[in-house]
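One structure is given below, represented as structure tokens, and several questions about it will come after.
The values are calculated or read from the model by the stated rules, or taken from the named source; none is laboratory data. If you're wondering where the values come from, they're calculated on a predicted model, not measured in any experiment. So basically every Cβ, Gly included, is an ideal-geometry build from the backbone, and we count neighbours across all protein chains shown. Keep in mind that these areas ignore ligands, DNA and RNA; they rest on the heavy atoms of the full protein, side chains included. Shrake-Rupley method; radii C 1.70, N 1.55, O 1.52, S 1.80 Å.
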Amino acid sequence: MSLPEKILKAGVVGAGGAGFPTHIKARSKVEFILANGAECEPLLHKDYEIMLKHPAEIVEGMKLMHAAVEAKKGYFGIKSKNAAAISAIQNELNGSDIEMSYLGDFYPSGDEYELVYNATKRLIPPKGLPLDVGCVVNNVETFLNIANAAKDIPVTEKFVCIAGAIREPSSFFVPVGTRFGDIIDFLGGSTANDFGIFDGGTMMGRLTFNLDEVVTKTTAGLILLPKEHYLIQRMDRNMQSMNRIGKSACDQCSYCTEFCPRYLLGYDVQPHKVMRSLEFSTTGEKVWNQYADLCCSCGLCSLYACPEDLYPREACDQGKDYMKENNIVFEQTKPLRVHPIKEGRKVPLKQLMKRMKLESYENPTPFRSDFPAPQKVKIKLKQHVGVPADPVVSEGDGVKKNDLIAEIQDGKLGANIHASIDGIITKIDKEFIIIEHR
Ligand code: SF4
Ligand code: SF4
């Protein structure tokens with residue numbers, strides 16, 4: 001069986017957040033292969049910990065992929081400050097044509113467009129993919145999953161980092177489908193009486209208060225913060241209220257655009273203009289929303305740049321939805337050229353954390369391996385880009401860890417799903433499968 005077939009069988013998807021099925025990337029032919037170990041979300045150290053603990057498997061997965069896509073060269077994107085991870089990976093690179101691509105401690109150095117530019121000096125065309133400039137990019141954990149897939153081990157665990165207001169900040173593997181509440185209990189609970197959870201980070205993640213939500217193949221980490229924290233207060237607002245505040249308070253200073261990393265790379269993203277769509281809601285949406293189309297939702301404009309504490313990122317998200325719903329396609333006409341001031345406008349992570357009042361939550365999140373198999377897991381049928389997987393088991397069936405429980409039909413974009421614990425299938429519905437250990 002070829003590597004792409006093994007990856008498809010094992011249900012490997014991008015572990016860094018997007019969940020794009022990896023077998024598609026493994027079938028391409030490119031010049032460069034890149035490992036993303038940048039991890040720039042404040043407080044999360046998942047990539048750092050996994051590189052320290054599993055460097056051999058990560059490099060093995062990268063070498064396998066390197067051969068499959070017939071790349072001429074490989075790059076590891078890691079921040080220079082993570083010296084221990086660099087040395088662990090470097091020890092495994094011997095004799096290969098894989099090099100380090102050192103990154104500064106800025107946000108968002110892990111954005112694919114930034115990473116590709118930093119390593120190759122190539123700019124992905126507007127709305128394009130790394131593939132368009134001869135690159136394939138995978139998160140470091142995805143490479144570990146590729147090495148496992150080559151040995152016929154499917155993806156049933158997710159490496160997560162739990163940080164913020166938690167008694168024992170840590171990084172560890174948990175079975176896919178584990179409840180957030182079970183993870184928090186295992187770490188001794190929160191240090192706050194009442195707390196919210198940022199699933200995926202405070203910049204690009206999602207705020208939830210639901211402890212029954214579960215880990216998927218793309219869960220990068222959970223950040224707990226007290227309910228009274230500035231970020232929770234700020235994000236726990238509905239969109240109408242964010243828009244109302246923006247409409248009345250945006251003074252069009254354009255700081256949001258001046259700091260936008262995509263704008264500084266040369267893309268025509270202009271959040272201050274998108275904010276105008278709030279002010280000209282019945283006459284200007286079509287015009288102004290177009291400036292949101294190339295936004296990567298990094299959050300820097302809302303959480304760092306705007307002196308009025310407004311929501312330009314959220315306005316861009318709505319702008320992108322509006323364009324999709326109305327079939328409006330934006331074509332960048334201005335030449336793609338890196339802004340001459342780009343290097344001077346980079347935002348240091350420390351400064352960003354200070355602005356977000358997160359400094360006191362910065363702690364090491366050491367690796368541990370003692371997370372017990374939960375009694376019950378709820379495994380989603382769609383944890384990836386594409387269509388949901390179709391169940392191949394029935395209620396009442398007994399399954400063992402690693403058994404296939406849902407598969408993707410031939411020719412469809414998606415990923416297979418496997419049992420993450422031994423047990424009985426107690427419920428199947430159109431969104432998930434529950435397995436209970438009995
Ligand atoms: S930075 Fe804030 S106030 Fe200034 S244009 Fe952007 S959204 Fe408006
Ligand atoms: S979220 Fe804001 S700063 Fe980030 S890419 Fe979009 S417009 Fe630019």
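Given a 1.4 Å probe and every protein chain left where it sits, what share in percent of the accessible area of segment 306-371 is carbon and sulfur? Provide the component values of the computation, followed by the final result.
Working: 1990 of 4130 Å².
Heavy-atom surface of segment 306-371 belonging to carbon and sulfur, 1.4 Å probe: 48 percent.
Further question on the same structure: With the cut-off at 28 Å, tell me which of the pairs Lys29/Lys400; Lys46/Lys151; Lys79/Lys273; Lys227/Lys273; Lys53/Lys151; Lys6/Lys382 have Cα atoms farther apart than that.
Exceeds cut-off: Lys29/Lys400; Lys79/Lys273; Lys227/Lys273.
Using only the alpha-carbon atoms, how far is helix 312-325 inclined from the longest principal axis of the chain? Give it as 0 to 90 degrees, nearest 10.
So the inclination is approximately 70 degrees.
I'd like the distance between the alpha-carbon centres of segment 217-237 and segment 366-438, rounded to an integer number of Å.
Their Cα centres are 27 Å away from one another.
With everything on Cα atoms, drop me the angle between helix 140-150 and the longest principal axis of the chain, reported from 0 to 90° to the nearest 10.
Taking Cα atoms only, the helix is inclined about 30 degrees.
Taking H placed 1.01 Å from N in the peptide plane, check which residues at least 5 places from Ala406 or on another chain put their amide H under 5 Å from its amide H.
Counting only residues 5 or more places away or on other chains, the set is Val392, Ile417.
A further question follows. Report the Cys residues of the chain lacking a disulfide-compatible partner, meaning no second Cys Cβ under 4.7 Å from their Cβ.
Among the cysteines of the chain, those whose Cβ sits 4.7 Å or more from every other are Cys40, Cys135, Cys161, Cys250, Cys253, Cys260, Cys296, Cys298, Cys306.
Please compute the contact order of the chain in relative form: average sequence separation of alpha-carbon pairs under 8 Å and at least six residues apart, divided by the residue count, as a percent. Let's see the in-between values first.
Details: 970 pairs, mean separation 76.3, N = 438.
Contact order relative to length: 17 percent.
In whole Å, what is the distance between the alpha-carbon centres of segment 1-71 and segment 156-180?
20 Å
First select every other residue whose beta carbon is under 13 angstrom from the beta carbon of Pro307; then total the charges, Lys and Arg +1, Asp and Glu -1. Numbers along the way, then the final one.
Numbers: positive: Arg355; negative: Asp251, Glu258, Glu308, Asp309.
That sum, taken over residues with Cβ under 13 Å, equals -3.
Filter the trypsin sites (Lys or Arg not before Pro) in segment 357-392 to those in DSSP coil with at most 15 other Cβ atoms within 10 Å of their Cβ, and list the result. Intermediate results must be reported in sequence, preceding the final value.
On the way: sites: Lys357, Arg368, Lys376, Lys378, Lys380, Lys382; in loops: Lys357, Arg368, Lys382.
Listed in order of number, the matching sites are Lys357, Arg368.
With every protein chain in place, what's the accessible area of Phe280 (1.4 Å probe, Å², nearest 10)?
Accessible area of Phe280: about 90 Å².
Still on this structure, I have one more. Over segment 376-438, what percent of the accessible surface lies on carbon and sulfur atoms, probe 1.4 Å? Intermediate values should be presented prior to the final figure.
Working: 1500 of 3240 Å².
C and S fraction of accessible area: 46 percent.
How much accessible area per residue does the chain have, in Å², with a 1.4 Å probe?
Working: 18480 Å² over 438 residues.
Averaged over the residues of the chain, the accessible area is 42 Å².
A follow-up question, please. Sorted by accessible area with a 1.4 angstrom probe, largest first, how do His339, His229 fall?
On the way: His339 55, His229 20 Å².
Reading off the accessible areas and sorting them downward yields His339, His229.
Share of segment 132-190's accessible area from carbon and sulfur, percent, 1.4 Å? Each step should come with its number before you reach the end.
Numbers: 580 of 1340 Å².
In segment 132-190, the share of accessible area belonging to carbon and sulfur is 43 percent.
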